[in-house]
């Protein structure tokens, strides 16, 4: 009897980046299972309206105001029976979420010789608190995983420097595969109801744990001053987390004519925002990889990034989480998008073939 190839997702970015890999294996008639932890249930299911991935198992761990302890306890307690009851050949995890780390740890604990394959391996900021807890998650995963699919030569080098030299493969980032697969759908999105014009609005997406508290205040105050100084409209799909929502509405809620605080949007609408924005202010990792496809500059409101490839090519700017530095960095580069369009450099994170490379590698070792 053939063993299962299991693909694990729990957050929207995981689903987006894993979807093209899942489809590669499904269309080749591998015996596959897709497991969802539902770490971020609403956003995960919203993204899946685009990719239509069937979840064979759903641990359904999400609860209101969950913290890292809640996530850890729920994943570890609920996944044990699944790992014991299925004969698994390969278990694929993606990126650096708590879902990815906890499932990898559980597969190791179960001690059934399950091969753990890490998609998007080797990203490093070299600061264990930025991003938090993702930097530690991905480092720990690297020392548990058996196969490491690094998106860039730099990420592969990071693994090598940590003594991880076997079964490391440079594949590109699967997020580019996902983008290319839905390009036509992105172009069908109508943004007219948002009262914005192409390349004449700023997109904001802020949600990371290390931004909570004082950094979130500084970021929101910087956004307010940028909007007031430039009179450029701002679109801000506000994350469900109350640590984001409370501050966003408190600081930005009184300039509704300039800053549109909207509910989280579906993935295609978000990509259309990314494509048509003049610039993006974010603490997101995935947007740093997606935006270069559309030549949209990204101002990262963090002190470090684990995706430095985009800095060298002019797609990414580290704006920090300091109010004045954010303001200065953005105002000094307001017209960067047109320059990127003229240069027409390729996306440094991938070429759209990462999923096929991963499939080909795995096919040769089974």
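Of all residues in the stretch 3-33, those satisfying the criterion of being free of Cβ contacts under 8 Å to residues at least 60 places away in the same chain and part of a loop (DSSP other than H, G, I, E, B) are 29, 30, 31.
Restrict the check to the stretch 124-139 and report whether at least one residue is assigned to a loop (DSSP other than H, G, I, E, B), touching a residue at least 24 places away in the same chain (Cβ under 8 Å), touching a helix residue (DSSP H, G or I) at 6+ places or on another chain (Cβ under 7 Å) and within 19 Å of residue 21 (Cα to Cα).
Of the residues in the stretch 124-139, the ones assigned to a loop (DSSP other than H, G, I, E, B) are 124-133.
Add one more test, that the residue is touching a residue at least 24 places away in the same chain (Cβ under 8 Å), and what stays is 124-127, 129-133.
Next, from what is left, pick out any that are touching a helix residue (DSSP H, G or I) at 6+ places or on another chain (Cβ under 7 Å): 124-125, 127, 129-133.
Still in the running and within 19 Å of residue 21 (Cα to Cα): none.
No, every residue in the stretch 124-139 fails to be assigned to a loop (DSSP other than H, G, I, E, B), touching a residue at least 24 places away in the same chain (Cβ under 8 Å), touching a helix residue (DSSP H, G or I) at 6+ places or on another chain (Cβ under 7 Å) and within 19 Å of residue 21 (Cα to Cα).
Set side by side, the residues 104, 145, 156 differ, and just one is assigned to a loop (DSSP other than H, G, I, E, B), touching a strand residue (DSSP E or B) at 6+ places or on another chain (Cβ under 8 Å) and either outside the structural domain of residue 286 (by TED's automatic domain parsing) or exposed (fewer than 14 other Cβ atoms within 10 Å of the Cβ) (or both), which is 145. If you filter the stretch 80-100 down to residues that are part of a helix (DSSP H, G or I) and touching a strand residue (DSSP E or B) at 6+ places or on another chain (Cβ under 8 Å), you find that the one that is farthest from residue 12 (Cα to Cα) is 82. Within the stretch 34-67, the residues that satisfy the criterion of being assigned to a helix (DSSP H, G or I), in contact with a helix residue (DSSP H, G or I) (Cβ under 6 Å, 6 or more places away or on another chain) and in contact (Cβ under 8 Å) with a residue 40 or more places away in the chain are 43, 47, 50, 51.
Scanning the stretch 59-71 for residues that are within 16 Å of residue 34 (Cα to Cα) and either within 20 Å of the chain's Cα centre (by Cα) or crowded, with 16+ Cβ neighbours inside 10 Å (or both) returns 59, 61.
Residues are listed down the side, and each one gets a yes or a no for (1) closer than 27 Å to residue 239 by Cα; (2) modelled with pLDDT of 95 or more; (3) not assigned by TED's automatic domain parsing to the domain that holds residue 167:
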| residue | (1), (2), (3) |
| --- | --- |
| 44 | yes, no, no |
| 63 | yes, no, no |
| 68 | yes, no, no |
| 82 | no, yes, no |
| 91 | no, yes, no |
| 94 | yes, yes, no |
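The values are calculated or read from the model by the stated rules, or taken from the named source; none is laboratory data. As the structure is a computational prediction, the values presented were derived from the model and not from experiment. Cβ: placed from backbone, ideal geometry, glycine included. Neighbour counts: every protein chain shown.
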